1. How many of the residues making up the range 30-57 are open to solvent by less than 10 Å² (accessible area, probe 1.4 Å) and touching a His at 6+ places or on another chain (Cβ under 9 Å)?
2. Taking only the range 1-29 into account, find how many residues are open to solvent by 50 Å² or more (accessible area, probe 1.4 Å) and not in a strand (DSSP E or B).
3. Can you find, within the range 197-224, the residue that is farthest from the chain's Cα centre (by Cα) among those that are surrounded by 17 or more Cβ atoms within 10 Å (Cβ to Cβ) and among the hydrophobic types (A, V, I, L, M, F, W, C)?
4. Among the residues of the range 72-122, write down those that are assigned to a helix (DSSP H, G or I) and either surrounded by fewer than 16 Cβ atoms within 10 Å (Cβ to Cβ) or of a type in the set (D, E, K, R) (or both).
5. Pull up the range 137-159, narrow it to residues that are over 17 Å from Ala208 (Cβ atoms) and open to solvent by less than 10 Å² (accessible area, probe 1.4 Å), then point me to the one that is nearest to the chain's Cα centre (by Cα).
6. Could you check the range 50-80 and list, in sequence order, the residues that are among the small types (Gly, Ala, Ser) and closer than 18 Å to Gly139 by Cβ?
7. Do we have Thr105 as without any contact (Cβ under 8 Å) to a residue 12 or more places away in the chain and at negative phi here?
8. Pick out the one residue from Asp117, Asp150 that is within 17 Å of Ala183 (Cα to Cα) and among the acidic types (Asp, Glu).
Amino acid sequence: MLIHKIQVGPLQVCCYLVIDQGAAEAMIIDPGADSGEIVAFLKKQGLLLKNMVITHGHGDHIGANAGIKKAFPDAQICVHEADEDMLPYPAKNLSILAAFYGGTTVRSPMADRLLRDGDTVAAGRHTFEVIHTPGHTPGGICLYYNNPADEKPPVLFSGDTLFKEGIGRTDFPGCDQKKLIHAIKERLFVLDERTIVYPGHGPSTTIAEEKKNNPFIAEVMLHG
């Protein structure tokens, strides 16, 4: 499994391409912008795109959906059912706010597949578990890959749920800090501590590092 990161858009969203080189298939996680660059990479590598998985419905994570879908019409846009309505509506995906600062609004095609906790999505032969982690948005998810036969550490794509020494914002409509902290503690911090975390913004980290060093979680755990 190859993981290729492209930082896209003005907010430098981490868009990840998960590639099964043997099957020449790929899955995209959070195609936030720059669809031309993403499509060009896929075509240059001769990859078949099967899934576009959206970790949550904010505009900065879905801005390239339409362009990629046009180039790969059979690729499925996958999002948690609680964030489904955010995709085509700028007021709901908050891209309407960007328009006030000279940015553009985002209208994504509707989802082809609605996800729930415990579902799986695949990049070729590599299967990821959907972990529902509401808080940043009602339908926020993470994607977890753990192959017991593989000696390499497990992998978690955490969207805007968990960052290196940070967590997702909870001051937007639909946010809930208590739910976010609970999801991190009860769903993510119970994973293998070796797990490499690939967040929606910023550098990668590990579950062990965040359990030890994340100041937002430590503050809540200390003071409730």
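1. Narrowing the range 30-57 to residues open to solvent by less than 10 Å² (accessible area, probe 1.4 Å): 30-32, 38, 42, 49, 52-57.
If we keep only those that are touching a His at 6+ places or on another chain (Cβ under 9 Å) too, we end up with 30-32, 54-57.
Total meeting the criteria: 7.
2. Taking the range 1-29 first, the residues open to solvent by 50 Å² or more (accessible area, probe 1.4 Å) are 1-2, 4-5, 7, 10-12, 21-22.
Narrowing further to those that are not in a strand (DSSP E or B): 1, 10-12, 21-22.
Residues flagged as open to solvent by 50 Å² or more (accessible area, probe 1.4 Å) and not in a strand (DSSP E or B) within the range 1-29 amount to 6.
3. Here the residue is Val220.
4. Initial filter on the range 72-122 (assigned to a helix (DSSP H, G or I)): 81-86, 90-93, 96-99.
Correct list: Glu81, Asp83, Glu84, Asp85, Ala91, Lys92, Ile96, Leu97, Ala99.
5. This residue is Gly159.
6. Looking only at the range 50-80, we keep the residues that are among the small types (Gly, Ala, Ser), and these are 57, 59, 63-64, 66-67, 71, 75.
Listed by number, the residues that qualify are Gly57, Gly59, Gly63.
7. Numbers: without any contact (Cβ under 8 Å) to a residue 12 or more places away in the chain: no; at negative phi: yes.
Criteria not met by Thr105.
8. Numbers: Asp150 fails: within 17 Å of Ala183 (Cα to Cα).
None of the others qualify; the one that does is Asp117.
The values are calculated or read from the model by the stated rules, or taken from the named source; none is laboratory data. In this text the structure is predicted, and so the values were computed from the model without any measurement. Reconstructed Cβ throughout: ideal geometry from the backbone, glycine too, with neighbour counts over all protein chains shown. These area figures cover heavy atoms from the full protein model, side chains too; ligands, DNA and RNA do not enter into them. Shrake-Rupley method; radii C 1.70, N 1.55, O 1.52, S 1.80 Å.
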